[in-house]
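Chemist: Quick one: structure below, then a few questions.
The values are calculated or read from the model by the stated rules, or taken from the named source; none is laboratory data. Source: prediction; values computed, not measured. Note: ideal-geometry Cβ built from the backbone for every residue, glycine included; neighbour counts use all protein chains shown.
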Amino acid sequence: MNEEEIQKSLVDLESYRVQLEGLGRQDELLRASLEEHMRARETMINYKEGKEKEILVPIGANSFLFAKIVDPSKAIVGIGTNLTVEEPIDRAIEKLDKRIGMIEDADRKIMERITGINEKATVLSQQVQRGYEELKKKGQM
């Protein structure tokens, strides 16, 4: 490996680092979304068993209101940007399960990409190190 190849490899390593940072951010967002969906699913499961039970309704700013469950057989779920629809609660839970599966699949793919890039970066880093040591021995660096 000559000095020019080492420099190119260092640029490639920097590119891998940037890609890994981006994938890490995507992974964080997916994990937050997964947690939110899991919480919603758990809440719906508990909600459907609780006619006339008292619950706390979050209203923002870490504030809650007391409410009673009137009809635990229905839920309102998002179907798109600012669009919601009333669904039987079991169907709403099924939709959440499907979304959870999609999020888990996306996260799995990101983790595979992270692993692949890490492996490439490790190999390239070792090659650069060996190339640098060879040039140093030859007195070219």
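Chemist: Among the residues of region 1-44 satisfying the criterion of being touching a residue at least 24 places away in the same chain (Cβ under 8 Å), among the polar types (S, T, N, Q) and over 17 Å from ARG108 (Cβ atoms), which is surrounded by the fewest Cβ atoms within 10 Å (Cβ to Cβ)?
Modeler: This residue is ASN2.
Chemist: What number of residues within region 86-101 satisfy the criterion of being loosely packed, with under 13 Cβ neighbours inside 10 Å and of a type outside the set (D, E, K, R)?
Modeler: 2
Chemist: Of all residues in region 1-19, count the ones that are among the charged types (D, E, K, R) and under 29 Å from the mean Cα position of the chain (by Cα). Step through it out loud before you land on a result.
Modeler: First pass over region 1-19, keeping only residues among the charged types (D, E, K, R): 3-5, 8, 12, 14, 17.
With under 29 Å from the mean Cα position of the chain (by Cα) added as a condition, the list becomes 12, 14, 17.
Residues meeting the conditions: 3.
Chemist: Could you pull out the residue among LYS53, LYS137, LYS48 that is at pLDDT below 95 and either of a type in the set (Phe, Trp, Tyr) or under 30 Å from GLU4 (Cα atoms) (or both)? Let's see the steps before the verdict.
Modeler: Details: LYS53 fails: either of a type in the set (Phe, Trp, Tyr) or under 30 Å from GLU4 (Cα atoms) (or both); LYS48 fails: either of a type in the set (Phe, Trp, Tyr) or under 30 Å from GLU4 (Cα atoms) (or both).
The match here is LYS137.
Chemist: Something else about it: List pairs: first residue in region 45-70 and loosely packed, with under 12 Cβ neighbours inside 10 Å, second residue aliphatic (A, V, I, L, M) and assigned to a loop (DSSP other than H, G, I, E, B) anywhere in the structure, Cβ distance under 9 angstrom, at least six positions apart or on different chains.
Modeler: Note: pairs meeting the criteria are GLU52/ILE69; GLU52/VAL70; GLU54/ILE69.
Chemist: Check GLU104, GLU3, GLU112, GLU52 and return the single one that is under 30 Å from GLU134 (Cβ atoms) and acidic (Asp, Glu).
Modeler: Answer to the selection: GLU3.
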